[in-house]
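The values are calculated or read from the model by the stated rules, or taken from the named source; none is laboratory data. The structure displayed is predicted, hence computed values, not measured ones. Reconstructed Cβ throughout: ideal geometry from the backbone, glycine too, with neighbour counts over all protein chains shown.
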Amino acid sequence: MVATGSLSGPLFSPDLIGTDVVTSFPEGHTIRPLERGDYAKGFLDCLGVLSDVGDVSQDRFEERFDWMKTQGQGVHYHVVIEHENRVVGTGAIIVERKFIHNLGLIGHIEEIAISKDFQGKGLGLKLLASLSSIAKNVGCYKTTLGTSPANEPFYVKCGYSKSGNIMNQYFEEPKESYYRG
């Protein structure tokens, strides 16, 4: 078992987020890797803007963070935007190792969320730029994501283009149809 103290730092090296992206954020807003202490800074509340998070205790959050930091290195890259000691934005890139494209890497963009009172300020665009920076720095040849038709214009503005359809198969019933995220 890894000692908790060694898990208290960032999920991954902050150097993977390009300096140009880091310095592009407005004063008082910091983009950085997820940290174990972000539970207390409202990380799950921020994610709740996107979808149902469930009843996740601090212990369960820390257990998942610890697994990602120890077992999921090189795969899980979760970032947060912090403002005044509060998580106001978050997103993730999950790196898939392929056999095709000369054993290429694809970055799957997931869980993009900006707190309601911070939406419309360009933070989502900068958040996507930070994830693209990470993808390039770890060697991905592309990133991909799924979105609702209503959000397509935002992702087009971020440099994405429509490329087919995404199909899902669910293995449990949702609480409400909205939570089929």
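Looking at the range 76-94, can you tell me whether even one residue there is under 18 Å from LEU7 (Cβ atoms), among the aliphatic types (A, V, I, L, M) and part of a loop (DSSP other than H, G, I, E, B)? There is no residue in the range 76-94 that is under 18 Å from LEU7 (Cβ atoms), among the aliphatic types (A, V, I, L, M) and part of a loop (DSSP other than H, G, I, E, B).
When you scan the range 60-69, do you find a residue that is under 17 Å from LYS136 (Cβ atoms), surrounded by fewer than 15 Cβ atoms within 10 Å (Cβ to Cβ), of a type in the set (Lys, Arg) and modelled with pLDDT of 95 or more, even just one?
Initial filter on the range 60-69 (under 17 Å from LYS136 (Cβ atoms)): none.
Checked against the condition, which is being under 17 Å from LYS136 (Cβ atoms), surrounded by fewer than 15 Cβ atoms within 10 Å (Cβ to Cβ), of a type in the set (Lys, Arg) and modelled with pLDDT of 95 or more, the range 60-69 yields no hits at all.
Tallying residues that are more than 22 Å from LEU145 (Cα to Cα) and in a helix (DSSP H, G or I) within the range 46-75 yields 12. Restricted to the range 4-45, and to residues there that are part of a loop (DSSP other than H, G, I, E, B) and among the aromatic types (Phe, Trp, Tyr), the residue that is nearest to ILE112 (Cα to Cα) is PHE25.
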